[in-house]
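Just below is one structure, and these are the notes that go with it.
The values are calculated or read from the model by the stated rules, or taken from the named source; none is laboratory data. Since we're looking at a predicted model, the values are computed, not measured. Cβ sites come from the backbone with ideal geometry, for glycine too, and all protein chains shown count toward neighbours. We work out accessible area using only protein heavy atoms, side chains counted, and drop any ligands, DNA or RNA first. Shrake-Rupley method; radii C 1.70, N 1.55, O 1.52, S 1.80 Å.
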Amino acid sequence: MTDIRNIVILTGAGISAESGLATFRGPDGLWEGHRVEDVCTPEALARNPALVHRFYDERRAKLAEVAPNPAHEALAALDRAWPGDLLIVTQNVDDLHERAGATRLLHMHGELKSALCAACGKAVAWADPLSPGSVCAGCGAPSLRPDIVFFGEMPYEMERIEEALAQADLFVSIGTSGAVYPAAGFVQMARHYGTRTLELNLDPSAGSSYFEESRLGPASELVPELVRDLLG
């Protein structure tokens, strides 16, 4: 690890599962008892806004019951100490990275504690229940919705992520399924740029074969070990 200067880290649901948050899609294909198509698509929001808003209200409220685990804390420690470039890209919509202290962080799929105006595109911090028809303070439209990137919508800051991968010496994927694009393609993008690739996961992901190295086990054990290696 002595030749590593710039790092990109991708985190997925597996890193927050040990804190008690349900992974995005369970073994039964459901997310907290709902079909993904019913709570995470633009069509679902148009068809049943009350259900979609209630679903994310419940997920937002759940955050008060959980806390960062050693994997989040280790990445926050790396963020504080790493002298080179570091970008933590998370697919997660929870706030556990922030609560652990990470700042060099990008939520590519949005955030539970944020509301987005469908009319003007302005995002605002939001901690309370969000009712359909809530008014945007910026433009006055009754168009606030959960600031979640639904299936069929473009994830946030893709250009910034690709630029970071192009400059990275190491790409690490932690707790991801390897099945949700475009994040699942980051390892191939990193390999294209000649970046070293490492996967940390409880089980092999759908994209494990693309990584130069895979380490299997709980994120709460593997991530602190990696951070210790990186920081010497």
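One table, with the values for the structure above:
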{"item": "Test: residue in the range 194-201 that is open to solvent by 10 Å² or more (accessible area, probe 1.4 Å), assigned by the TED database to the domain that holds Thr90, modelled with pLDDT of 95 or more and charged (D, E, K, R)", "result": "yes"}
{"item": "Selection count, the range 165-183, where residues are in contact with a Phe, Trp or Tyr (Cβ under 9 Å, 6 or more places away or on another chain) and either modelled with pLDDT of 95 or more or surrounded by fewer than 21 Cβ atoms within 10 Å (Cβ to Cβ) (or both)", "result": "8"}
{"item": "Which numbered condition Pro142 fails, given (1) open to solvent by 50 Å² or more (accessible area, probe 1.4 Å); (2) more than 30 Å from Ala190 (Cβ to Cβ); (3) assigned to a strand (DSSP E or B)", "result": "(3)"}
{"item": "The lone exception for Tyr156 - which of (1) open to solvent by 20 Å² or more (accessible area, probe 1.4 Å); (2) closer than 30 Å to Thr2 by Cα; (3) not in a helix (DSSP H, G or I) it fails", "result": "(2)"}
{"item": "Those residues of the range 193-220 which are among the charged types (D, E, K, R), out of contact with any Lys or Arg (no Cβ under 8 Å at 6 or more places or on another chain) and touching a residue at least 24 places away in the same chain (Cβ under 8 Å), in sequence order", "result": "Arg196"}
{"item": "Residues (hydroxyl-bearing (Ser, Thr, Tyr), in a strand (DSSP E or B) and without any contact (Cβ under 8 Å) to a residue 60 or more places away in the chain) located in the range 84-135", "result": "Ser114"}
{"item": "Filter result (within 13 Å of Pro146 (Cβ to Cβ), touching a residue at least 40 places away in the same chain (Cβ under 8 Å) and surrounded by 20 or more Cβ atoms within 10 Å (Cβ to Cβ)) within the range 54-72", "result": "Tyr56, Arg60"}
{"item": "Test: Glu73 is acidic (Asp, Glu), farther than 26 Å from Ala179 by Cβ and modelled with pLDDT of 95 or more", "result": "yes"}
{"item": "Matching residues in the range 202-232 - criterion: being of a type in the set (Gly, Ala, Ser) and either within 21 Å of Leu96 (Cβ to Cβ) or open to solvent by less than 80 Å² (accessible area, probe 1.4 Å) (or both)", "result": "Ser205, Ala206, Gly207, Ser208, Ser214, Gly217, Ala219, Ser220"}
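A quick yes/no check of all residues on (1) open to solvent by 50 Å² or more (accessible area, probe 1.4 Å); (2) modelled with pLDDT of 95 or more; (3) in the same structural domain as Ser16 (by the TED database):
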{"site": "Cys117", "(1), (2), (3)": "no, yes, no"}
{"site": "Cys120", "(1), (2), (3)": "yes, yes, no"}
{"site": "Ser131", "(1), (2), (3)": "yes, yes, no"}
{"site": "Val135", "(1), (2), (3)": "yes, yes, no"}
{"site": "Gly138", "(1), (2), (3)": "yes, no, no"}
{"site": "Arg160", "(1), (2), (3)": "yes, yes, yes"}
